[in-house]
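What follows is calculated from the coordinates using simple rules that are stated; it is not laboratory data. From a predicted model like this one, the values you see are computed outputs, not experimental measurements. Counting neighbours? That spans all protein chains shown, and the Cβs are built from the backbone with ideal geometry, glycine included.
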Ligand SMILES: NC(=O)c1ccc[n+]([C@@H]2O[C@H](COP(=O)([O-])OP(=O)(O)OC[C@H]3O[C@@H](n4cnc5c(N)ncnc54)[C@H](OP(=O)(O)O)[C@@H]3O)[C@@H](O)[C@H]2O)c1
């Protein structure tokens with residue numbers, strides 16, 4: 001009796017082990033391992049079943065209808081609770097209702113406002129383990145004519161706000177040895193265009209912050225990544241020009257790339273990726 005029980009148990013164990021091995025070998029399952037949390041945690045990237053996403057609470061600073069809205073929807077799809085921050089939050093109501101997000105009014109350039117924002121998010125959502133800095137501002141015009149105050153404001157929005165947000169995020173994430181901080185860049189992050197000095201200064205600075213933060217925080221378990229969005233983002237206001245089809249970036253596809261970076265195993269993290277439409281000769 002006892003030996004039959006032993007044989008049955010051994011057979012069961014053998015089946016479980018065989019299934020595990022098969023699951024890891026079968027490429028059709030398209031699974032990604034997420035070793036930071038649980039060696040067996042898996043996310044099915046193609047299909048609707050999401051077993052486990054390595055982050056659970058996201059804060060997007062600089063939320064609107066473009067990249068941030070697409071990203072917020074992707075987060076919600078993966079079961080991530082979402083906080084959306086902008087100076088004016090009325091425009092975010094429909095999106096927040098759609099995905100169950102919470103909105104927060106805050107100016108990213110204001111040190112005490114950013115401090116208060118993170119404390120409010122901690123209280124209502126829990127400490128965010130993924131933070132995205134998405135705000136930016138431009139000041140177009142010939143260098144000789146730019147208003148210094150407007151330029152100062154643009155740099156503060158594009159870069160200094162990124163520092164304030166990353167600092168608050170790092171303080172929380174370092175304590176857990178886990179988290180991700182993502183920065184949205186632009187072509188101007190790597191190329192200074194004429195009549196666009198303020199934007200170039202802001203985006204170059206943000207890229208510098210992202211590089212420095214990645215080297216400093218990576219060994220603490222925090223994945224820092226910068227995204228060079230190399231082209232115009234498609235929207236109802238800015239559809240693809242008829243004479244250049246497919247020449248803008250679809251914000252949903254950009255968001256999918258952010259998600260892919262967040263799913264990277266830590267032995268092979270990206271610090272920066274460039275995204276551009278396939279027709280772009282760059
Ligand atoms: N759109 C493009 O074609 C394009 C191309 C390349 C790169 N990018 C980059 O992609 C990012 C997102 O652009 P998007 O057009 O898709 O924008 P978006 O995600 O739709 O929204 C950005 C939001 O940032 C908020 N914001 C601006 N200043 C802020 C501040 N001081 N504090 C808090 N929030 C602030 C704005 O709301 P409030 O005004 O209410 O604060 C705005 O709704 C930007 O970094 C941009 O430089 C965009």
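Details
- Net lengthening on full extension, residue 116/residue 193 (0.36 nm per residue, minus Cα-Cα): 24.1 nm
- In terms of surrounding Cβ atoms within a 10 Å radius of their Cβ, 88, 196, 65 rank from fewest to most as 88, 65, 196.
- Efficiency of FRET from Cβ geometry, residue 105 and residue 140, R₀ 30 Å, rounded to 0.05: 0.65
- Part-to-part distance (alpha-carbon centres) for segment 220-282 and segment 168-211, which is given in Å: 15 Å
- Stretchable slack from residue 212 to residue 236, in nm (0.36 nm times residue separation minus alpha-carbon distance): 5.0 nm
- Packing here is the average count of other Cβ atoms within 10 Å per residue, and on that basis the peptides 218-229, 199-210, highest first, run 199-210, 218-229.
- Volume of the Cα convex hull of segment 56-214, divided per residue and given in Å³: 107 Å³
- Two-site label geometry, residue 256 and residue 282: point separation in nm, points 7 Å out along Cα→Cβ: 1.8 nm
- Each residue in 240, 90 was given a count of other beta-carbon atoms within 10 angstrom of its own, and listing them fewest first yields 90, 240.
- Packing, taken as the mean count of other beta carbons within 10 Å per residue, orders the peptides 243-249, 256-262, 188-194, 163-169 from highest to lowest as 163-169, 256-262, 188-194, 243-249.
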